[in-house]
């Protein structure tokens, strides 16, 4: 195959992988609104209503940013993850030595969300190219020592204009931060309407 055909095919694949839907843009915009809510980082275990259970509105961790962003669109990750884990428990990490799903916490664990998004969303390439990370994308990081993290890319750009910034909660509440490449990226997903 000649180079021009290969380049054309690669560009079509890239357009498909990195094309943004109106839903992704709306998700990014609504995620930004979460930064206006006062939230204290709190990794405590909570007993939650089911479905649509949430930790207290003034508490949360990184996964709660993602859960709350999707809830604005009627997408209940608590229920979706729980039902998938109930049917496919062996496909999810056994990092917590559990013998069955727990509707109170499973959706609040980054490794579980990574499995869920890879099964039901688009798993996108991990790269060091900032332009590959678009508003509405979900990014997961390895913080070291077994700690993982998750956030959502929004439309705002870094001060130098080279990359989109992230809404996440790594300890200071639901904040907007230029941190895309601050940690080792281990997951890049798009989930929702395409």
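Bear in mind these aren't lab numbers, they're just calculated from the coordinates by the rules spelled out. What you see is a predicted model; the values in this text were computed from it and never measured. Positions of Cβ are generated from backbone atoms using ideal geometry, with glycine treated the same way; all protein chains shown enter the neighbour counts.
Can you pull out the residues in the stretch 31-47 that are over 18 Å from residue 78 (Cβ atoms), assigned to a helix (DSSP H, G or I) and in contact (Cβ under 8 Å) with a residue 40 or more places away in the chain?
Once the filter is applied, which keeps residues that are over 18 Å from residue 78 (Cβ atoms), assigned to a helix (DSSP H, G or I) and in contact (Cβ under 8 Å) with a residue 40 or more places away in the chain, the stretch 31-47 yields 32, 35.
Examine the stretch 82-94 for a residue that is on the phi > 0 side of the Ramachandran plot and under 17 Å from the mean Cα position of the chain (by Cα), and state whether such a residue exists. Don't jump to the end; show me each part of the working.
If we filter the stretch 82-94 for residues that are on the phi > 0 side of the Ramachandran plot, which is where we start, we get none.
Looking through the stretch 82-94, none of the residues is on the phi > 0 side of the Ramachandran plot and under 17 Å from the mean Cα position of the chain (by Cα).
Of the residues that sit in the stretch 132-145 and are in a loop (DSSP other than H, G, I, E, B) and touching a residue at least 12 places away in the same chain (Cβ under 8 Å), which one is farthest from residue 28 (Cα to Cα)? First the steps, then the outcome.
Going residue by residue through the stretch 132-145, those that are in a loop (DSSP other than H, G, I, E, B) are 133-137, 145.
Still in the running and touching a residue at least 12 places away in the same chain (Cβ under 8 Å): 133-137.
Values: 133: 12, 134: 9, 135: 5, 136: 5, 137: 8 Å.
Ranking the candidates gives 133 first.
Consider residue 162 against the criteria (1) in contact with a helix residue (DSSP H, G or I) (Cβ under 6 Å, 6 or more places away or on another chain); (2) in a loop (DSSP other than H, G, I, E, B); (3) within 30 Å of residue 83 (Cα to Cα): it satisfies all of them except one. Which criterion is unmet?
Only one criterion in (1) in contact with a helix residue (DSSP H, G or I) (Cβ under 6 Å, 6 or more places away or on another chain); (2) in a loop (DSSP other than H, G, I, E, B); (3) within 30 Å of residue 83 (Cα to Cα) is unmet by residue 162, namely (3).
Go through (1) surrounded by fewer than 19 Cβ atoms within 10 Å (Cβ to Cβ); (2) under 20 Å from the mean Cα position of the chain (by Cα); (3) on the phi < 0 side of the Ramachandran plot; (4) not in a helix (DSSP H, G or I) for residue 50 and report which single condition fails.
(2)
Is there a residue in the stretch 102-114 that is part of a helix (DSSP H, G or I), farther than 19 Å from residue 55 by Cβ, in contact (Cβ under 8 Å) with a residue 60 or more places away in the chain and within 11 Å of the chain's Cα centre (by Cα)?
yes
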